[in-house]
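Report on the following structure.
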Amino acid sequence: MQDWQPTASLSTLKARATFIQTIRQFFIERQVLEVDTPALSLGTVTDLHLDPFVCPFDYDPSCTKQNLYLQTSPEFAMKRLLAAGSGPIFQICKAFRHESAGRFHNPEFTILEWYRTGFNDHDLMQELDQLQQQLLGTSSALKISYQNAFLEHLQFDPLTISLDTLLAKVAEISDDDWLKSESKDTLLQWLFSTQIEPVLGQDNGHFTPCFVYDFPASQASLARVSENDPRVAHRFELYYRGVELANGFYELDNAAEQRRRFEDDNQLRKADNKPQRPIDERFIAALEQGLPDCAGVAVGIDRLFMLAQSSRHIEEVLAFPVDRA
């Protein structure tokens, strides 16, 4: 048996350690505080497309059996710190998503997440651009709105297209039966991931990092709705060489609106025959207390390091992926 050995070489693991140290130094120089929050929580995400690992817990102080959830990101706990007056913060930690492993994903992965008080989404894009240039040695990132990305690559407006027309567009590309009964948002996400993501920032085979911003409000449950166009929200993502690297928001600070969005998510989960998830009540309470004006972003360190190393598979930059854990 040889699968006790790491899938990444020792030289790669040493380079990874230096890579993460560079990230830390980036924030230390900007006086952003490093924090540490729990991986387990009573509450979790309600997003239709995200599933956490569920961990039975028999020793709750209430003397009742509870489910704890391995967090898909440290977002809710970090926002509680922001509401408590932490100021700008960052964290490098493990996150967990109950999904199959693949070329760009391991169910347990390393995430960088940070929040900047006084920043909006475009301010944070600029800082993330500075970080990725330092880590990957690229030129400055391009920027395109979600709407214009569809207009440029698929020649239709995702904000105005009808469901029937969208279904016809999808049928031109795929005859998969499951797509015929999906919602408009799911179909747009499928088109974006399969038809647009792989070519963002590409020009004659050369790739430049590319930000996509102003996602549909229905796809941004933790972001503020745009003041200029209520159809879109202050959400952005960063792509490079066909890989999604980051997901960020100009953060929603309205507790009642956030609860409504979580409840709507759970109704979507119910309609899709998925288990409903418990709303993180401590997070809602923190929003009620008052979240400072801020923007936040989560970055996949494993994927970022893959690109820095020109690796083909995420296993090449991990010591022990899930099948060797």
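Every number here is computed from the coordinates shown, using simple stated rules; none is lab data. The structure presented is a predicted model; accordingly, all values stated were derived computationally and were not measured. Cβ sites come from the backbone with ideal geometry, for glycine too, and all protein chains shown count toward neighbours.
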task: Could you run the Karplus curve 6.51 cos²θ - 1.76 cosθ + 1.60 with θ = phi - 60° over segment 204-218 and give me ³J(HN,Hα) per residue in whole Hz, x for Gly and Pro?
output: 6, x, 9, 9, 10, x, 9, 8, 10, 10, 6, 5, x, 4, 5
query: Given segment 32-190, what percent of its DSSP beta bridges are antiparallel, to the nearest 5?
result: 90 percent
message: Beyond 25 Å, how much of the Cα-Cα pair distribution for the chain remains, as a whole percent?
response: 54 percent
statement: Answer in debye to the nearest 20: the dipole magnitude of the chain about its Cα centre, from +1 Lys/Arg and -1 Asp/Glu charges placed on Cβ, is 620 debye
- request: Compute the relative contact order of the chain as a whole-number percentage, counting only Cα pairs closer than 8 Å that sit 6 or more residues apart in sequence.
  value: 25 percent
field: Contact order normalised by residue count of segment 126-253, Cα under 8 Å, 6+ apart, percent
entry: 23 percent
- prompt: Over segment 1-76, what relative contact order in percent results from Cα pairs under 8 Å that are six or more residues apart?
  reply: 25 percent
- request: Just list whichever of Lys143/Lys270; Lys180/Lys270; Lys184/Lys274; Lys94/Lys274 have alpha carbons separated by over 30 Å in the model shown.
  value: Lys143/Lys270
query: Of the listed peptides 122-134, 21-33, 50-62, what is their order by residue-averaged count of other C-beta atoms within 10 Å, with the highest listed first?
result: 122-134, 21-33, 50-62
task: Anything in the chain that counts as a DSSP H helix reaching 20 Å or more along its axis (C-alpha) with Kyte-Doolittle mean of at least -1.0? List them, would you?
output: 10-29, 121-136
- prompt: Can you list residues whose amide H is under 5 Å from Asp293's amide H, if they're 5+ apart or on another chain and H is modeled 1.01 Å from N?
  reply: Gly118
